[in-house]
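> Let me begin by handing over the structure; questions about it come next.
The values are calculated or read from the model by the stated rules, or taken from the named source; none is laboratory data. On a predicted model such as this, the values are computed, not experimentally measured, just so you know. For neighbour counting, all protein chains shown are included, and Cβ atoms are generated from backbone atoms with ideal geometry for every residue, glycine included. Calculation scope for accessible area: heavy atoms of the full protein, side chains included, ligands and nucleic acids excluded. Shrake-Rupley method; radii C 1.70, N 1.55, O 1.52, S 1.80 Å.
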Amino acid sequence: MTDTASHQRLLIVDFGSQVTQLIARRVRESGVYCEIYPYDKIDAGFLKAFAPAAVILSGGPASVHEAQSPQADPAIFALGKPVLGICYGEQAMAATLGGVVEPGTKREFGRAEIEIIGESPLFDGFSDAEPVWMSHGDKVTALPEGFHAIAVSSGSPFAAIADEARQFYGVQFHPEVAHTPRGALILKNFTHRIAGLSGDWTMAAFREEQVRRIREQVGAGRVICGLSGGVDSSVAAVLIHEAIGEQLTCVFVDTGLLRSGEADQVVSLFRNHYNIPLVHVDAGDEFLGALAGVADPETKRKIIGKTFVDIFDREAAKVEGAAFLAQGTLYPDVIESVSAKGGPSQVIKSHHNVGGLPEHMKLKLVEPLRELFKDEVRVLGRELGLNAAFVGRHPFPGPGLAIRIPGEVTPEKVAVLQQADLIWLDEIRKAGLYDTIWQAFAVLLPVKTVGVMGDARTYENVCALRAVTSTDGMTADFFEFPWDVLGRAATRIVNEVKGINRVVYDVTSKPPGTIEWE
């Protein structure tokens, strides 16, 4: 449990929904600090220690009426604090308090419309009908004593319920997802109007608190920070440097698998702009040598992870007196490690991970970002004065370009892909679209085609271009590019990158099914 007693805190009880994190993000967007814990960790002792000002019960994939299904601890409803149940959370609340939940005769999945039939602060500012996103097969068929319906849908007689006296509320739909257009307002009505929270969670306050906590934790010790070149580790390093100055040494392991020019940008930022002690390890040959002849994607990831750890371990041993290891761990990483049993949120995408550090290093962890989501890290980066273009860069996976080269990774393929990716991003920036897109990149396919360029026939690789939009990083859809932008990018890649004679645009949504890259 984190040291956030100075803030009003909301507790989110996780029943295994794949979008539980979105609840936290929406709540924090309104300035309310919250944390997620799995349902099986919640009991009276936990609740007393956490002392939440309000509680939200998440959705989940189980059925309340089945044996061994997740249940809401009755102690939650004895707190005397406002409670909001979402989807499965509504059903768990109803079942715990004496209502009835049964399998539905008509399932509701996808877009739906609710009719608001009763006045309630939960729907303050809403019209009589609202579009929402449903995802359930079961439904509440009898309400607990004290509850009444405040909204209905074609498939749910209790699409939203309320016990105003005890400040207990439930919604059968998902207000946290983007497909419920005004869902964020529903959550804000709960946190601010019903629970009376003021929204005292600001990034400026977080920055001050973390600087103090880092100084208290480290004292006169030395810290080493593993820089990947990404936003998370960079923001962590700048924050720690603000707290302890020259006691920090950054180790930047350059895998040779970064985007074109990225290593130079990282070195310049830390050495020239922030004057942070930096060890730059140019290890491209070592990584590419270890990957030689390897085609299996999971094996490639493991090799990259082991090589990274070995090199970092070797360099860290040279930092005299190092007692702490700084990492850019984010809150989603923390959630995944303790997520609710059986839920989709337990699945960790291995292509984002390159392995942990060996136990023999015996270093104490400094993880100043472990309470933040990705978008909050970007806000903190701007608060710290980091360049907006750097902070706003598209996400880049730990294994780098290796997972965007299906098949064997070679120096020649890396060079070709770096060129193509650079052109693709350049055209996106020129068109003013970079900040509209959540993530864009090029992929070098293990496919060759015959083409005619001028008077010559070519037999070269196909390059796939991908760009997706997302409001949360949890779901995404392909970006609908203007044809002229796609045309310019494709023409430049074919003309300027030797080794590519055809370009295709990937229009799959996230998750991308059987397609390896993401």
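> If the Cβ limit is 6 Å and pairs must be 6+ apart or interchain, which residue in region 272-289 that is open to solvent by less than 30 Å² (accessible area, probe 1.4 Å) pairs with which residue that is among the hydroxyl-bearing types (Ser, Thr, Tyr)?
Short answer, once both residue conditions are applied: Phe287/Thr255; Phe287/Thr307.
> When region 64-76 is examined, which residues are found to be touching an Asp or Glu at 6+ places or on another chain (Cβ under 8 Å) and open to solvent by less than 20 Å² (accessible area, probe 1.4 Å)?
Val64, Pro70
> Considering only region 28-76, how many residues are touching a residue at least 60 places away in the same chain (Cβ under 8 Å), under 27 Å from Ala165 (Cβ atoms), in contact with a Leu (Cβ under 9 Å, 6 or more places away or on another chain) and of a type in the set (Gly, Ala, Ser)?
Qualifying residue count for the region: 3.
> When you scan region 331-374, how many residues do you find that are modelled with pLDDT under 85, open to solvent by less than 70 Å² (accessible area, probe 1.4 Å) and either of a type in the set (Val, Ile, Thr) or farther than 30 Å from Gln68 by Cβ (or both)?
So the count comes out to 13.
> What tally of residues in region 179-211 results from selecting those that are among the small types (Gly, Ala, Ser), buried (at least 17 other Cβ atoms within 10 Å of the Cβ) and not in a helix (DSSP H, G or I)?
Counting residues in region 179-211 that are among the small types (Gly, Ala, Ser), buried (at least 17 other Cβ atoms within 10 Å of the Cβ) and not in a helix (DSSP H, G or I) gives 2.
> Residue pairs, Cβ under 7 Å, 6 or more apart or interchain, first in region 482-501 and closer than 20 Å to Tyr459 by Cα, second among the basic types (Lys, Arg) and open to solvent by 30 Å² or more (accessible area, probe 1.4 Å). List them.
That search, which allows pairs on different chains as well, returns nothing.
> Can you tell me which residue is least open to solvent (accessible area, probe 1.4 Å) among those in region 77-115 that are touching a residue at least 60 places away in the same chain (Cβ under 8 Å), part of a loop (DSSP other than H, G, I, E, B) and touching a helix residue (DSSP H, G or I) at 6+ places or on another chain (Cβ under 7 Å)?
Pro82
> Of all residues being open to solvent by less than 20 Å² (accessible area, probe 1.4 Å) and in a helix (DSSP H, G or I) in region 310-330, which is farthest from Glu412 (Cα to Cα)? Just the residue, please.
Going through the qualifying residues, I end up with Ala316.
> Hey, another quick one. Can you list residue pairs whose Cβ atoms sit under 9 Å apart, with the first residue in region 405-420 being part of a loop (DSSP other than H, G, I, E, B) and the second being among the acidic types (Asp, Glu) and open to solvent by 30 Å² or more (accessible area, probe 1.4 Å)? Count only pairs 6 or more apart in sequence or on different chains.
So the pair list comes out as Pro406/Glu516.
> How many residues are under 25 Å from Phe287 (Cα atoms) and crowded, with 23+ Cβ neighbours inside 10 Å if we restrict to region 212-228?
Going through region 212-228 one residue at a time, the tally reaches 3.
> Additional query: Identify, please: which residue in region 21-61 is under 21 Å from Phe109 (Cβ atoms) and at pLDDT below 90 and is, among those, surrounded by the fewest Cβ atoms within 10 Å (Cβ to Cβ)?
Checking each candidate, the answer is Pro61.
> Test each condition in (1) in contact with a strand residue (DSSP E or B) (Cβ under 7 Å, 6 or more places away or on another chain); (2) over 18 Å from Gly381 (Cα atoms); (3) free of Cβ contacts under 8 Å to residues at least 40 places away in the same chain; (4) not β-branched (Val, Ile, Thr) for Asp264 and report the one that comes out false.
With respect to (1) in contact with a strand residue (DSSP E or B) (Cβ under 7 Å, 6 or more places away or on another chain); (2) over 18 Å from Gly381 (Cα atoms); (3) free of Cβ contacts under 8 Å to residues at least 40 places away in the same chain; (4) not β-branched (Val, Ile, Thr), Asp264 is out only on (1).
> Return the total of residues in region 244-269 being open to solvent by less than 20 Å² (accessible area, probe 1.4 Å), farther than 26 Å from Ile303 by Cβ and under 26 Å from the mean Cα position of the chain (by Cα).
Final tally of qualifying residues: 0.
> Quick check: is even one residue across region 262-276 farther than 17 Å from Leu401 by Cβ, part of a helix (DSSP H, G or I) and at pLDDT 95 or above?
Taking every residue of region 262-276 in turn, none turns out to be farther than 17 Å from Leu401 by Cβ, part of a helix (DSSP H, G or I) and at pLDDT 95 or above.
> Considering (1) out of contact with any Ser or Thr (no Cβ under 8 Å at 6 or more places or on another chain); (2) farther than 16 Å from Phe173 by Cβ; (3) part of a helix (DSSP H, G or I), say which one Val64 fails and leave the rest.
In the conditions (1) out of contact with any Ser or Thr (no Cβ under 8 Å at 6 or more places or on another chain); (2) farther than 16 Å from Phe173 by Cβ; (3) part of a helix (DSSP H, G or I), Val64 misses (3) alone.
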